[in-house]
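Some notes on the structure that comes next.
The values are calculated or read from the model by the stated rules, or taken from the named source; none is laboratory data. The shown structure was predicted, so the numbers you read here are calculated from the model rather than taken from an experiment. Reconstructed Cβ throughout: ideal geometry from the backbone, glycine too, with neighbour counts over all protein chains shown. For the accessible areas, the whole protein counts, side chains as well, though only heavy atoms, and no ligand, DNA or RNA atoms are used. Shrake-Rupley method; radii C 1.70, N 1.55, O 1.52, S 1.80 Å.
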Amino acid sequence: MKHILKIAALSVVLVCALSCRQTDVRVMKIWAPEMKNERCSEVIMAAFRQYSQLPNMDGSIMVDNIKFDLKERSITVEFDSMKVALKNLEHIVAGAGFAANDIPADTNAVAKLPPECRL
């Protein structure tokens, strides 16, 4: 009987371990109305790269897959939602000096933007 209980307990643990999510990769669009040219997208990309190099953030943002649409003024980001939330991504953009969805741009960062990125 003990042998059967051990096997049953091990089976439950194994099923839970295999079914628990390790990653949850999502693709989301961020609207950045003040992003008007390539230089602006470079500033934002640098902010994403810097964030992804923080401790424990490796693989949180797939920086090589980030796409900028200057005409639409949007950023498409692929990220692991088990490590980072959409709000974090919006704050990265806002911290770079650009409004992101409903998050206003950081005023200190706006003051440091290259002239071609300021309104």
Calculate one ³J(HN,Hα) per residue across region 29-39 by plugging θ = phi - 60° into the Karplus curve 6.51 cos²θ - 1.76 cosθ + 1.60, and present them in order as whole Hz with x for glycine and proline.
-> 10, 10, 8, 10, x, 8, 7, 10, 8, 4, 4
What does a probe at ALA46 reach in region 81-99, counting residues whose amide N is under 17 Å from the point 7 Å along Cα→Cβ?
-> 92-99
Long pairs among LYS36/LYS83; LYS29/LYS67; LYS36/LYS112; LYS36/LYS67; LYS29/LYS87, criterion Cα-Cα beyond 19 Å | LYS36/LYS83
In region 46-119 the accessible area split gives carbon plus sulfur, as whole percent at 1.4 Å, a share of 52
